[in-house]
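Colleague: Okay, handing you the structure first.
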Amino acid sequence: MSEKLTKSLIIDALRGIGIEKGMELEVHSSLSSFGYVEGGAETVISALKECCGEAGSIFMPSLRLSKEIELTDEDRQLGVFRKIKILPEDCDRTAMGTISDTFRKQSDTKTGPGIFRISGWGRNAEEAVRGGLDYIINTNGKALLLGVDIYKLTAMHYVEDLLPKKVKDIFTPTEKVNTVYPPNQWLIEMGEPPVKAWYTIQKKAYEKGLIKEGLIGKCKVMFFDTYDILEIYKNELLKNPLKLYGLEG
C-alpha cells in the first residue's frame, strides 16, 4: 500500500527543499503525482500557505483553457495540430489541474482578468490581478513544480515577445481555420517545432546547478529562481532562436 501523505509530511518535505516563510512562489502542480493525499488538493494548498506564511505569496495559473480536444479528420485536413477550448469566466474546471482550480475558488484568493489569468494569495496577492506573474519575475520569486516539468512554467511565455516570426508562424492558424474556430472561443495551433526548446532550457538550468530536486511521496519536485531560468531562455532567444527550436543547423 502506498504512503498516505498528510499535511505535516508535505510541510516537512516543502521545508526540506527550501520553502521558507516570506517567499514569493509560482506554483504548478499535478495532484495525481503525489499518490494518496489525505484531504486532497486543499491539504496541499494549506501546506503551501503554512510554509510561505502571510508574509509571503503564492501564485498559480488560472488560465481559462480546456484540456486538449481530440482532433477530427476535418481538423487534420485543415492542418490543425492542437485545439483547446477557451472556457467561460465562471468555469469550474480548467486544464490547470485540481490544485490550481481549488486554489482559485478559495475565498482569500485574488484572480486576475482575461484568458491567461493568474490567481494569487498572501501579502502580494493583488499583484496577480495587476500584472499576472510580472511581480514574481521581477522580485526574485521562486518557481515550484510539483509533479510537472518546465512545460508547465507559465512565466516562460513572458519573454516570448522575442520569438522570431518563423517560430510564431508554426503555431499561427490560417484565416480559414479562424473561421471554423473563432479566436475568441478557441486556442488553435497549426504545428510544433522540430525541437522542444523548453527542455533545452531545463537541461541548461540543471547543468548550471540552478534546479533543486526532491520528492513528496511519489511527486517529483523542482524548485528554482524563476528569473534565472527566464534569463537562460531570453539569452537563447537573443542568440539563436531558430537553432533553439530546431529550425536551423
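The values are calculated or read from the model by the stated rules, or taken from the named source; none is laboratory data. Keep in mind it's a predicted model, so treat the numbers as computed, not measured. Here the Cβ is made from the backbone with ideal geometry for all residues, glycine too, and neighbour counts use every protein chain on show. Accessible surface areas use protein heavy atoms only, side chains included; no ligands, DNA or RNA. Shrake-Rupley method; radii C 1.70, N 1.55, O 1.52, S 1.80 Å.
Colleague: Across segment 72-97, what is the total count of residues that are touching a residue at least 24 places away in the same chain (Cβ under 8 Å) and either hydroxyl-bearing (Ser, Thr, Tyr) or within 20 Å of Val27 (Cα to Cα) (or both)?
Modeller: Counting residues in segment 72-97 that are touching a residue at least 24 places away in the same chain (Cβ under 8 Å) and either hydroxyl-bearing (Ser, Thr, Tyr) or within 20 Å of Val27 (Cα to Cα) (or both) gives 4.
Colleague: Sticking with this one: Run Tyr199 past the list (1) closer than 21 Å to Ser30 by Cα; (2) open to solvent by less than 80 Å² (accessible area, probe 1.4 Å) and report the number of the one that doesn't hold.
Modeller: Tallying (1) closer than 21 Å to Ser30 by Cα; (2) open to solvent by less than 80 Å² (accessible area, probe 1.4 Å), Tyr199 fails exactly one: (2).
Colleague: Could you say whether any residue in segment 79-94 is touching a helix residue (DSSP H, G or I) at 6+ places or on another chain (Cβ under 8 Å), small (Gly, Ala, Ser) and surrounded by 20 or more Cβ atoms within 10 Å (Cβ to Cβ)?
Modeller: Checked segment 79-94: no residue is touching a helix residue (DSSP H, G or I) at 6+ places or on another chain (Cβ under 8 Å), small (Gly, Ala, Ser) and surrounded by 20 or more Cβ atoms within 10 Å (Cβ to Cβ).
Colleague: In segment 58-74, which residue that is in contact with a strand residue (DSSP E or B) (Cβ under 7 Å, 6 or more places away or on another chain) and of a type in the set (A, V, I, L, M) is most open to solvent (accessible area, probe 1.4 Å)?
Modeller: Ile69
Colleague: Looking only at segment 50-87, count how many residues are within 21 Å of Asp101 (Cβ to Cβ), out of contact with any Ser or Thr (no Cβ under 8 Å at 6 or more places or on another chain) and of a type in the set (S, T, N, Q).
Modeller: 1
Colleague: With the requirement that a residue be of a type in the set (A, V, I, L, M, F, W, C) and touching a Leu at 6+ places or on another chain (Cβ under 7 Å), what does segment 55-81 give you?
Modeller: Ile58, Phe59, Leu65, Val80
Colleague: Name the pairs: first residue in segment 98-113 and under 14 Å from Ser57 (Cβ atoms), second residue outside any loop (DSSP other than H, G, I, E, B) and open to solvent by 80 Å² or more (accessible area, probe 1.4 Å), Cβ to Cβ under 8 Å, at least 6 apart or on different chains?
Modeller: If the second residue must be outside any loop (DSSP other than H, G, I, E, B) and open to solvent by 80 Å² or more (accessible area, probe 1.4 Å), the pairs left are Gly112/Arg130.
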